[in-house]
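The values are calculated or read from the model by the stated rules, or taken from the named source; none is laboratory data. Remember, it's a predicted structure, so these values are computed and weren't measured experimentally. Don't worry about glycine lacking a Cβ; one is built from the backbone with ideal geometry, like all the others, and counts go over all protein chains shown. All accessible areas refer to the heavy atoms of the entire protein, side chains included, with ligands and DNA or RNA removed. Shrake-Rupley method; radii C 1.70, N 1.55, O 1.52, S 1.80 Å.
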Amino acid sequence: MSEFVDSLHEVFERLGRIRTRRMFGGHGIWHEDRMIALVVNDTLYLKADSESAPHFDALDLPPSTYERQGQSMPMSYRLAPADLFEDRHEAALWGRRAYEAALRSGQPPKQKKPPAKKAAVKKAAVKKKTTTKAASR
C-alpha cells in the first residue's frame, strides 16, 4: 500500500473509519461499506453525482477518466480539492458529500468477504457432505 493511501485514514478521521483496498491498479476507499473514493497514481478522486457536481464544478475539479476503445471515458469520481488534505473539517465535509453520492447511486453496500480460513472450512464441509452422500448410494 502506498504512503499516500495510508495517510487517508488520518485525513478522513473526522468522517469516521475508512477501509482501503487495491483495485484496478489503484485503490478503492470505503466508508460504511460504500465506495466513496478512488486513488489512481496517488491522486484522490471522490464519488460525485448530479447533486454534488456543482461543488466540484465551482472549483473546476475534473472527473477521473480512463481510455476505452481510443476514447477518454469520464468516471463518477472527481478530483478532490487540495484544501481537503490540510483541513480535517473540509475532509469530513467532502467525505460526507462523497458518501451521500454513493448512497444515492443505488449500488448495494459492498459485502465483506469471509476470511479465507472460514471459506476453506466451508468448502471442505460441503465436499465431505457430497462425498458421504455419494458413498451411501
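A few notes on this one:
- Average Cα contact separation per residue, segment 17-94, under 8 Å, 6 or more apart, as relative contact order %: 20
- Whole-Hz Karplus values for segment 89-94 come out as 5, 4, 4, 5, 4, 5 Hz, taken residue by residue from phi with 6.51 cos²θ - 1.76 cosθ + 1.60 and θ = phi - 60°; glycine and proline positions read x.
- Put simply, the amide H of Met35, placed in the peptide plane, has neighbours under 5 Å in Lys110, leaving out anything fewer than 5 places away on its chain.
- The figure for Thr65 is an accessible area of roughly 80 square angstrom, using a 1.4 Å probe on the protein chains alone.
- Top positive-direction residue, dipole computed over segment 31-73 with Cβ charges, set Leu46, Pro63, Met73: Met73
- The loop-placed GluC sites (Glu not before Pro) in segment 1-85, going by DSSP, that have at most 11 neighbouring Cβ atoms within 10 Å of their Cβ come out as Glu51.
- Relative contact order (percent, whole number), segment 1-54, Cα cutoff 8 Å, 6+ residue spacing: 22
- Size descriptors for segment 61-103 (Cα atoms only): Rg and Dmax, in that order, 13.0, 40 Å.
- What a 1.4 Å probe finds exposed on segment 34-97 is 47% carbon and sulfur by accessible area, rounded to a whole percent.
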